[in-house]
Amino acid sequence: MADMSTTEKIQLHVPALEELSAVLQIGLQTNFAEVQVSVVECPDLTKEPFLFPVKGLCGNPRIADVGGVPYLVPLVQKEKEYDMNVISKEVELPGGFFLGAGAVASRVVGMNAELMPLVLTAAEGRPAVNGSYFSSINPVDDQCLQEKYCNKFSDCHFGLMANVYACEGKPGKVIEVRAKKRTGDQSLVTALRKSLEDHYHNKSVALGGSFVIQKGKAKIHIMPREFSVCPLNTNDEVNNWLKHIEVSAPLICQSVLVSRDPGLDLRVEHTHLFSHHGEGGHYYIDTTPDTVEYVGYFMPAEYVYRIDRPKETHEVGRD
Ligand code: ZN
């Protein structure tokens with residue numbers, strides 16, 4: 001089962017938004033032809049295309065890395081299951097809003113699948129609002145089958161691993177990133193992370209938020225419905241097991257990234273996307289560098305929490 005007795009918490013470096021904006025502007029220009037980073041009022045995230053259960057990304061921002069890839073490979077540990085309502089207390093933000101990237105609880109869903117968590121956790125006198133999506137491989141056409149979690153299930157469980165950004169879901173000032181035409185070989189998320197790493201060196205700066213791929217296509221993966229019965233020991237074996245698909249804009253991507261691992265065995269970037277046309281999964285990079293257009297909203301996190309960290313770890317399957 002999940003072990004909540006080992007949770008670690010580390011304070012992160014939190015630059016002022018204006019400073020962060022300038023750092024990202026300079027960094028992203030090495031990877032995109034057109035870049036505009038600024039500090040803006042967070043758009044209303046209850047509106048299209050987001051349709052989140054909260055209005056904004058503000059209020060006590062923090063990130064958490066729960067479980068990890070070592071619970072999936074080489075062989076699955078199905079008993080690794082978590083409840084977002086419990087996680088909200090573990091990160092000292094009960095009733096907070098959570099977004100990010102994870103895996104479903106296979107016990108609940110009846111199969112393995114990608115999870116796009118979007119959960120306003122339960123608070124005193126108010127039940128949780130689960131706006132999450134999950135995505136599996138459709139046995140009919142071997143393509144993507146994205147479903148709304150709340151249409152089938154009424155809980156807030158997930159399995160194996162998740163990288164989440166949590167906040168009070170309030171409106172407020174955020175970083176807006178606009179980028180067009182990719183000239184480098186880094187994804188938007190990697191470019192953001194490297195920009196921070198290059199500037200802040202040994203200080204750990206983390207961002208969480210949501211970005212939209214407005215034009216173009218992207219490469220994603222979806223885990224098979226069945227866990228591998230053969231041990232997956234290398235990145236090649238993991239990649240052969242995963243199903244890779246190309247998906248089309250508009251795509252709404254939830255991202256958690258940290259410039260440098262402060263010694264917690266973190267997954268330093270993890271992004272899952274959903275859409276309103278039935279495509280969703282784990283984001284790698286756009287496949288249309290000449291025409292791609294991104295707009296995103298991010299906040300720096302004040303703390304990172306490491307929850308149920310695997311005792312036996314490895315670097316396989318973290319792309
Ligand atoms: Zn993923």
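The values are calculated or read from the model by the stated rules, or taken from the named source; none is laboratory data. The shown structure was predicted, so the numbers you read here are calculated from the model rather than taken from an experiment. Cβ placement follows ideal geometry from the backbone for every residue including glycine, while neighbour counts extend to all protein chains displayed. All accessible areas refer to the heavy atoms of the entire protein, side chains included, with ligands and DNA or RNA removed. Shrake-Rupley method; radii C 1.70, N 1.55, O 1.52, S 1.80 Å.
Screening the stretch 89-109 for residues that are assigned to a loop (DSSP other than H, G, I, E, B) and small (Gly, Ala, Ser) and picking the one that is nearest to the ligand (Cβ to nearest atom) gives 105. Only one entry of 167, 156 meets the criterion of being closer than 17 Å to residue 67 by Cβ, in contact (Cβ under 8 Å) with a residue 60 or more places away in the chain and surrounded by 23 or more Cβ atoms within 10 Å (Cβ to Cβ), and that entry is 156. The residues listed here are 64, 113, 128, 101; of these, the one that is open to solvent by less than 40 Å² (accessible area, probe 1.4 Å) and more than 30 Å from residue 231 (Cβ to Cβ) is 128.
Among the residues of the stretch 110-126, are any without any contact (Cβ under 8 Å) to a residue 24 or more places away in the chain and part of a loop (DSSP other than H, G, I, E, B)? Yes, because at least one residue in the stretch 110-126 is without any contact (Cβ under 8 Å) to a residue 24 or more places away in the chain and part of a loop (DSSP other than H, G, I, E, B).
Has the stretch 297-305 got at least one residue that is within 22 Å of residue 248 (Cβ to Cβ) and either open to solvent by less than 10 Å² (accessible area, probe 1.4 Å) or not hydroxyl-bearing (Ser, Thr, Tyr) (or both)? First the steps, then the outcome.
The initial filter retains those residues of the stretch 297-305 that are within 22 Å of residue 248 (Cβ to Cβ), namely 297.
Filter again for either open to solvent by less than 10 Å² (accessible area, probe 1.4 Å) or not hydroxyl-bearing (Ser, Thr, Tyr) (or both), leaving none.
Within the stretch 297-305, not a single residue is within 22 Å of residue 248 (Cβ to Cβ) and either open to solvent by less than 10 Å² (accessible area, probe 1.4 Å) or not hydroxyl-bearing (Ser, Thr, Tyr) (or both).
Quick check on the stretch 267-276. Is at least one of its residues within 13 Å of the ligand (Cβ to nearest atom), more than 22 Å from residue 203 (Cβ to Cβ), assigned to a strand (DSSP E or B) and open to solvent by 10 Å² or more (accessible area, probe 1.4 Å)? No.
Candidates 75, 45, 57: the one that is aliphatic (A, V, I, L, M), farther than 30 Å from residue 317 by Cα and modelled with pLDDT of 95 or more is 45. Looking at (1) surrounded by fewer than 18 Cβ atoms within 10 Å (Cβ to Cβ); (2) in a strand (DSSP E or B), which is the one condition that is false for residue 174? For residue 174, the exception is condition (1). The residues listed here are 21, 88; of these, the one that is in contact with a strand residue (DSSP E or B) (Cβ under 8 Å, 6 or more places away or on another chain), among the small types (Gly, Ala, Ser) and under 30 Å from residue 110 (Cα atoms) is 88.
Looking for something open to solvent by 40 Å² or more (accessible area, probe 1.4 Å), within 16 Å of the ligand (Cβ to nearest atom) and more than 22 Å from residue 25 (Cα to Cα) - is there at least one such residue anywhere in the stretch 246-259? No.
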